[in-house]
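Since every read-out is calculated from the coordinates, none of them should be taken as a lab result. Keep in mind the model is a prediction, meaning the values are calculated, not measured. Cβ placement follows ideal geometry from the backbone for every residue including glycine, while neighbour counts extend to all protein chains displayed.
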Amino acid sequence: MELENSLIQLLGTLSPGDRLPPEPDLARQLGVSRAMLREVVTGLVERGLLIRRQGIGTFVASQAPFIDFGLEVLESLDSLAKRKGMETEVLELEIRSRRMTADEIEIFNPIENSANVLEVSRVIAINGKAVAYLVDNVPEIYLAQADVKSSIHGSVYDLLAQKKEIPLSYSRTDILAINADAETSRKLKIGEGTALILLTAQLYTTNGRIVDYSISYFVPGQFKFHVMRRLGRPTEW
């Protein structure tokens, strides 16, 4: 939603505890109706970005602690959150077995084109707020429905890492900035069109086979991503 993104950008120029301009002034500044502004502000209050004090005004909330992602090491969101003293909750867990699509056959290169894939989707909440929507697709030769139902805590990677017969080696991850579509906005309880961070990853074994293709949507404001980069050889002048 364009208005929501504009308001979030405005919040980035303010400090925690700052009061928003009066509703008529802010609506005029953003070029929208007061009713439309009120609806978006209510959504940001529900997400914890704003605090509304009856009879006083609306204020910028204190910055929630970031989950700091170092992308050089593959680690589950659950493990990262625990190191920050946060508890994750798995919501809307859906597990289904289905035939591989043509694209997935190309990705996984199964021995038989009729192989099935296990799709595991769930919303991850921290302190009661949805912060990520995760979808993993794993060929059923590597992961069974019973494995997921009995021990899922949000991370399919953790389940695969426990299987000694699957020698995991590395992951290739692509990072994109996208706008939430109808399904993702419903899952994360955000406005359609809200900016999201999208990570798509392929998890490889030591023999080069892909065992998991994951799609992860992250709500900005809860995560901080960084990469440690090696220095290249300087150009000689």
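Beyond 27 Å between alpha-carbons counts as too far, so tell me which of K149/K189; K129/K149; K82/K149; K129/K224; K163/K187 fall in that bin.
K163/K187
For the chain, what is the relative contact order in percent, using Cα pairs closer than 8 Å and at least 6 residues apart in sequence?
The normalised contact order for the chain reaches 19 percent.
In 5 Å bins starting at zero, report the fraction of Cα pairs in the stretch 2-60 per bin as a rounded %.
4, 19, 34, 32, 11, 1
For a quick check of your reading of the filter: which GluC sites (Glu not before Pro) in the stretch 174-237 sit in a DSSP loop and have no more than 14 other Cβ atoms within 10 Å?
Loop-located and lightly packed - E192, E236.
When you count, for each residue, the other Cβ atoms within 10 Å and take the mean per peptide, how do 56-62, 161-167 rank with the highest first?
Ranked by mean Cβ neighbours within 10 Å, highest first: 56-62, 161-167.
Given points 7 Å out from each Cα along the Cα-Cβ axis, report the E89 to I178 separation in nanometres with one decimal.
Going by the 7 Å Cα→Cβ label model, 2.6 nm.
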